[in-house]
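> Here it is: the structure, laid out below.
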């Protein structure tokens, strides 16, 4: 087994274990920590695929900024252990079968068309940051700017909501 | 002997040699950084003491030089107390996380441009860095972004009100200042057109302003606009990010006992301590690399006499240590200090002899780049200590105002100006 493959399996196992632990943990902080593990493991997977920039941004934005806010809010509210409830009817008859169907679909696609899905070697290996930004600011400049406006509006919305609460 | 060396070379030429070299480099850097950390505490206590008309540690070893060792032993032998009602896993994990992340960020710092001039190790070049990725700067910010958790989780897991307040404060502070920290280096990235730390340094080599000044980002118009404002924003934000005076509100002892590490004792506390000092080294290295030309000398290359500056500093310094040691008050000091001084003086003399002896000349040329990098890092470390000895702590609302209403807008304006200059300079 080659070194990248071993690293892949380690990271994949980390991501899956983190995701399962996220659901099973009783305390919100432990769940948040599990989610951070998932994010960092995903960043490692991106790095393995040669997407350096995406990996770094994954950690900076998701692992750092967003999850810090989660942890901060949990700490601020001093949230205690969660109560466990049984499966709701919607989850039992709607969610569970749908999740299984999605997993089956993904697995089937991958086993059938696995060879034709591009991997780092076939797709031309590394995606340097400069190429990525060239693409973002030339070919996809309108979608990019649109997304920026969307985020700006979201920030302003958050500010308005926070101000209204203060009275 | 030659047969043994060639046998070793062939054994180390493959991937195994590559991994072995990486592990050796990591171990070497770890040992060096830990020693530097230890003596940084000594240096800080000495400098702050002299600023306050005291003499600082001087009982353990001559001039208190064994004080770090005594402190380390004390940390190891103290009772490792665990308060009741803590979240055990998170409580133990937090110091580990803080230390690991601060050490990991050192892995991408380059300490010199050229590989060690040794022919062996299976043809692998021994560069003075552990990793030199194209996105070195982004990796550093990624590690910094995760660094908040060490402090925040320590405060939360301690199950005590003061650590919790300290943890909350620190996460708010670090999140706020991370914005200004990241924004302030965008100008440098625009000027160098890369995220790679070695390429950022290379972009600052040579001279500017008709050969009068070195082409460092902080003063140079080359490729953009002088980043003096960017540097000030970066350094202030970095002091806040490392939780040092005057931004050490997470551990403000007059309000929060000791903040997030109140409930930590023994070596778990030492881990936070080491993490803080390692971050100081990383930040000083980053200031040097991003704004002050990294390993580039402030003098023109044609000034060959400037190449003997390390020797000119080391030789008198060594002689002075000998002189000072001979009249030290304890016998132990009179024995040890002259030996240390002689060692320093001999190194200086050997470097000076490089003017006449070829292999020594080669060695002197090789240490130029690391010398300047380390000298500048040392200056910023001194600056850290200097601010600690000078400035009082900010109030919490002042801290937030500086972060959001001063540093962030100023660094954004800096980005806009630099981007405009870069755009005007670029030929379409």
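The values are calculated or read from the model by the stated rules, or taken from the named source; none is laboratory data. Computed from a predicted structure; not experimentally measured. Note that each Cβ is placed from the backbone with ideal geometry, even for glycine, and that neighbours are counted across all protein chains shown.
> Output the residues belonging to segment B:177-231 that are within 13 Å of chain A (Cβ to nearest Cβ) and without any contact (Cβ under 8 Å) to a residue 12 or more places away in the chain.
B:199, the sole residue that qualifies.
> Please specify each residue of segment B:107-120 satisfying the condition of being out of contact with any helix residue (DSSP H, G or I) (no Cβ under 6 Å at 6 or more places or on another chain) and crowded, with 16+ Cβ neighbours inside 10 Å.
Passing the criteria: only B:107.
> Of the residues that make up segment B:121-133, is at least one within 11 Å of another protein chain (Cβ to nearest Cβ) and surrounded by 22 or more Cβ atoms within 10 Å (Cβ to Cβ)? Can you show your working first?
If we filter segment B:121-133 for residues that are within 11 Å of another protein chain (Cβ to nearest Cβ), which is where we start, we get B:133.
Now restrict to residues that are surrounded by 22 or more Cβ atoms within 10 Å (Cβ to Cβ): none.
Looking for residues that are within 11 Å of another protein chain (Cβ to nearest Cβ) and surrounded by 22 or more Cβ atoms within 10 Å (Cβ to Cβ), one finds none in segment B:121-133, hence no.
> Moving on. If you scan segment A:84-111, which residues turn out to be surrounded by fewer than 10 Cβ atoms within 10 Å (Cβ to Cβ), more than 24 Å from the chain's Cα centre (by Cα) and assigned to a helix (DSSP H, G or I)? Before the answer, list the steps.
The initial filter retains those residues of segment A:84-111 that are surrounded by fewer than 10 Cβ atoms within 10 Å (Cβ to Cβ), namely A:84-86, A:89-90, A:111.
Checking which are more than 24 Å from the chain's Cα centre (by Cα) leaves us with A:84-86, A:89-90.
Answer for segment A:84-111, where residues must be surrounded by fewer than 10 Cβ atoms within 10 Å (Cβ to Cβ), more than 24 Å from the chain's Cα centre (by Cα) and assigned to a helix (DSSP H, G or I): A:89, A:90.
> When residue B:275 is evaluated against the numbered criteria (1) within 28 Å of the chain's Cα centre (by Cα); (2) crowded, with 19+ Cβ neighbours inside 10 Å; (3) modelled with pLDDT under 85; (4) assigned to a helix (DSSP H, G or I), which criterion, by number, is the only one it fails?
Looking at each condition in turn, residue B:275 falls short on (3).
> Right, residue A:67: over 28 Å from residue B:194 (Cβ atoms), surrounded by 12 or more Cβ atoms within 10 Å (Cβ to Cβ), at pLDDT 85 or above and within 14 Å of chain B (Cβ to nearest Cβ) or not?
Working: over 28 Å from residue B:194 (Cβ atoms): yes; surrounded by 12 or more Cβ atoms within 10 Å (Cβ to Cβ): yes; at pLDDT 85 or above: yes; within 14 Å of chain B (Cβ to nearest Cβ): yes.
Yes.
> Still on this structure, please answer the following. What is the one condition in (1) crowded, with 17+ Cβ neighbours inside 10 Å; (2) out of contact with any helix residue (DSSP H, G or I) (no Cβ under 6 Å at 6 or more places or on another chain); (3) at pLDDT below 80 that residue B:81 does not satisfy?
So residue B:81 meets the others, but not (1).
> Another question about this same structure. Scan the helices (runs of 4 or more DSSP H) fully inside segment B:90-204 and keep the ones with 3 or more residues being within 20 Å of residue B:271 (Cβ to Cβ).
Values: elements: B:136-157, B:161-192, B:197-202.
Hits in segment B:90-204: B:136-157, B:161-192.
> List the number of the failed condition for residue B:96; all other conditions in (1) within 14 Å of chain A (Cβ to nearest Cβ); (2) surrounded by 13 or more Cβ atoms within 10 Å (Cβ to Cβ); (3) more than 25 Å from the chain's Cα centre (by Cα) hold.
Tallying (1) within 14 Å of chain A (Cβ to nearest Cβ); (2) surrounded by 13 or more Cβ atoms within 10 Å (Cβ to Cβ); (3) more than 25 Å from the chain's Cα centre (by Cα), residue B:96 fails exactly one: (3).
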